[in-house]
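**Student:** The structure follows.
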């Protein structure tokens, strides 16, 4: 199997396992171009630079896309907790001057949180109502916004 074929297989595996086999979700969370991703999965040139860029965006170790998914090394890498892909960490709030809260969020979640924080009280209330409605009316304990 040639390196470009291995990268295609690994990208397909990544999209299937991490993004629910949804190219749209992969594109949304990584900011990649839909046409380019489709091309990479089919026959477009899949070079070293592009592979490393995708690995970085997906928080994968460098070289992850280059390991044949049928090899023993790929199976071991999938089992190793330190190699399991994780979303990036973002500082979302300074709790106190010396402390910060770190959480795993997608870029889309971070954008939504940023819009929420920049909204007026009415805007925040509308966002909270929409979120509660989408969650089936389940409300958290306490307000998500502190003045």
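**Student:** Quick check: residue separation of residue 22 and residue 133 times 0.36 nm, minus the Cα distance between them. What number comes out in nm?
**Tutor:** 37.5 nm
**Student:** Let me check against my output: what whole-number percent is the relative contact order of region 3-81, with C-alpha pairs under 8 Å and at least 6 apart?
**Tutor:** Here the relative contact order equals 36 percent.
**Student:** Specify whether the C-alpha gyration tensor of region 3-81 places it in the rounded, prolate or oblate class, a ≥ b ≥ c being the square roots of the eigenvalues: rounded for a/c under 1.5, otherwise prolate if a/b is larger than b/c and oblate if not.
**Tutor:** Cα axes put region 3-81 in the prolate bin.
Laboratory data are not the source of any read-out in this text; all were calculated from the coordinates shown. Because the structure is predicted, anything quoted here is derived from the model rather than measured.
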